[in-house]
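The values are calculated or read from the model by the stated rules, or taken from the named source; none is laboratory data. On a predicted model such as this, the values are computed, not experimentally measured, just so you know. No Cβ is skipped: glycine too gets one built from the backbone with ideal geometry, and neighbour counts run over all protein chains shown. Accessible surface is based on the protein model in full, side chains and every heavy atom, while ligands, DNA and RNA are left aside. Shrake-Rupley method; radii C 1.70, N 1.55, O 1.52, S 1.80 Å.
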Amino acid sequence: MSAGTELHANLTDAQVREISDDLGEPEWLLETRLEALEALEELEMPDVIRTPGRDWTNLHDLDFETLVDPLNWAENKDQEGPDDVEVLSWAEAVDEREALLKEEFGSIVDPQENYLTALSTALFSTGTVIYVPEGVDAEDVTIRTEMNSRSLFNYTLVVAEESSSVTILERQSTGTEGPARGDEDRYYSGIVEVDAGENSSIQYGSLQNLSADTYNFTTKRGRTDTYASIDWIEGNLGSKLTKTGTSTILEGDGSETKIVGAFFGHDDQHFDLDVKVWHRAEHTTADLVTRGVTDDVARSVYEGVQDVGSDAWDTSSYQRENTLMLSDESEADASPKLIINNHDTEASHSATVGQIDEEDLLYMTSRGISPRAARNMLVEGFFVPVLEEIAVEEFREDVEELVAARLRE
């Protein structure tokens, strides 16, 4: 592919080369980017839940050509952690940890898995690499990304060595700089790869509160070694449309994962939440818990998959999803799935969609509580079971505050 070849009016390999050169990347990384860019012509959009004649989330009508401005990216980013953990910007990691990047980059999320992962691989210009050495127990690793441009492509890599542990809190928001709010749509894309070494423990919390003019695509995926654990905590309150996938591949015997999610949609927000676990080893455990609320004409789509492989003896896998609709015009769909190829499995899945119980509301209002206050108390109570699953107090408090603020609007 020659320099300057255009795949879209707004995307060229000359732009990719400029991004890579600005970050001081080696030739192998540049080639990975260029291959991803070239593959865009053949790749499909990410899978969405589909029923005959209908995609529950329509990604094909998005005009990515006008949303993406690869060279004009801007952000405010804070990356902090304790001294015994390496928390590096992407440029620092390229300079100091190239061997690690060459081994890990794209090993969990295939850069050409679909159109949007390839787009992000080709164009990402910011990121964070977190390396936890063997035996280190670390907390308080924080990543704060404030988007101040039309588009932003972000990449995060976490590597935890044997018998280490780390707690990471990531927050995404939109700043006041860059395009004026509401003047034009924005696009945020993030890929997260997490590699949990033998007997390691990783908690990764992500709180998305992007502006209402932002389209958001994120893929977070982890891989566990023997006796390792990965816990994901997902909070989604912002954006116009969110298409997110959070998943764990349980490759090591005795490994486990928990995926906890909370979302609250209002106005015309659309959340497409994809949660998966692949049991590929013996004695593995998974627990998937999601609760969400839709109001106004907001829409949520949830798909949860527990995939138990033929070699995954003595598997325990559980899934629960509940959505509360506050208006007759809002929508919520859920599709939990079990794929079991080993009879030595204990598994369950459930999903419920409903509205506020009128008897509960009547009981509260009959005791002098205003209808709005009663509704808000019931919504806050609805989130309690999922908030109790969040072990990180700071993250739990952040979600509670954002939910309370949404209810006051």
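Quick check on packing: order 195-205, 372-382 by the mean number of other C-beta atoms within 10 Å, highest mean leading. Provide the component values of the computation, followed by the final result.
Details: 195-205: 23.5, 372-382: 15.5.
Result, highest mean Cβ count within 10 Å first: 195-205, 372-382.
Short version: ³J(HN,Hα) in whole Hz for each residue of segment 148-164, in order, from phi by Karplus 6.51 cos²θ - 1.76 cosθ + 1.60 (θ = phi - 60°), x for Gly and Pro, what are they?
10, 8, 5, 9, 8, 10, 10, 10, 10, 10, 10, 10, 10, 7, 3, 6, 10
What order, most packed first, do the peptides 350-360, 10-20, 76-86 have when packing is the mean number of other Cβ atoms within 10 Å of each residue? Before the final figure, lay out each step's value.
Values: 350-360: 12.5, 10-20: 17.6, 76-86: 14.5.
Output ranking for 350-360, 10-20, 76-86: 10-20, 76-86, 350-360.
Before rounding to the nearest 500, sum -39500 (n - 2.57) across all DSSP H runs of length at least 4 in the chain and divide by the residue total; then give [θ] at 222 nm in deg cm²/dmol.
Details: 9 runs with 91 residues, N = 409.
Taking each H run of at least 4 residues, the total per residue is -6500 deg cm²/dmol.
Short version: ³J(HN,Hα) in whole Hz for each residue of segment 73-82, in order, from phi by Karplus 6.51 cos²θ - 1.76 cosθ + 1.60 (θ = phi - 60°), x for Gly and Pro, what are they?
Per-residue couplings from phi come out as 9, 8, 7, 10, 10, 10, 10, 9, x, x Hz.
If you put +1 on each Lys and Arg Cβ and -1 on each Asp and Glu Cβ, how big is the dipole of the chain around its Cα centre, in Debye rounded to 20? Present the calculation step by step, with values, prior to reporting the outcome.
Details: 30 positive and 88 negative charges, 282 e Å.
Here the size comes out at about 1360 debye.
Taking amide H positions as placed 1.01 Å from N in the peptide plane, with prolines and chain starts having none, which residues 5 or more places from A347, or on another chain, fall under 5 Å of its amide H?
S317
First compute the accessible area of the chain with a 1.4 Å probe, then give the percent of it belonging to carbon and sulfur atoms.
Details: 7070 of 16800 Å².
Within the chain, the accessible surface is 42 percent carbon and sulfur.
Could you do me a favour and compute the accessible area per residue for the chain, 1.4 Å probe, result in Å²? If you can, show how the numbers build up before the last one.
Numbers: 16800 Å² over 409 residues.
Counting only protein heavy atoms, the per-residue value for the chain is 41 Å².
At a 1.4 Å probe radius, which order do Y115, Y318 fall into by accessible area, largest first? Don't skip to the answer; put the middle values down first.
Working: Y115 25, Y318 60 Å².
So the residues, ranked largest to smallest area, are Y318, Y115.
Rounded to whole Å and sorted largest first, list the principal axis extents of the Cα atoms in segment 1-156.
So the three principal-axis extents are 52, 40, 30 Å.
Taking each pair of different alpha-carbon atoms in segment 85-182 once, compute 1/r for the pair, average those values, and report the inverse of that mean as the Kirkwood hydrodynamic radius in Å to one decimal.
Working: mean 1/r = 0.0668 Å⁻¹.
Radius from the Kirkwood sum: 15.0 Å.
Can you run phi through the Karplus equation (6.51, -1.76, 1.60; θ = phi - 60°) for segment 166-172 and list ³J(HN,Hα) in whole Hz, with x for Gly and Pro?
Once rounded to whole Hz, the list reads 7, 10, 10, 10, 10, 10, 10.
Putting +1 on Lys and Arg Cβ atoms and -1 on Asp and Glu Cβ atoms, find which of S300, S327, N341 reaches farthest to the positive end of the dipole of segment 262-409.
The one lying farthest along the dipole's positive direction is S327.
Using only the alpha carbon atoms of segment 106-265, find the Kirkwood hydrodynamic radius as the inverse mean reciprocal pair distance, in angstroms to one decimal. Don't skip to the end; give the middle numbers.
Working: mean 1/r = 0.0624 Å⁻¹.
Roughly 16.0 Å, rounded to one decimal.
Distance between the C-alpha centers of segment 296-341 and segment 15-92? Whole Å please.
27 Å
Using all alpha carbons of segment 215-304, what is the percent of pairwise distances in each 5 Å bin, ordered from the shortest bin to the longest?
Percent of pairs per bin, in order: 4, 15, 25, 19, 15, 10, 7, 4, 2, 0.
Among G190, G381, M147, whose Cα projects farthest towards the positive end of the dipole of the chain, with charges put on the beta-carbon of Lys, Arg (+1) and Asp, Glu (-1)?
Value computed over the given set: G381.
Please find the FRET efficiency linking V297 to T142, where r is the Cβ-Cβ separation and R0 is fixed at 45 Å, and quote it to the nearest 0.05.
Working: r = 35 Å, r/R0 = 0.77.
Result of the calculation: an efficiency of 0.85.
Along each principal axis of its Cα atoms, how long is segment 250-409 end to end? Whole angstroms, biggest number first, please.
Cα extents, longest axis first: 57, 32, 27 Å.
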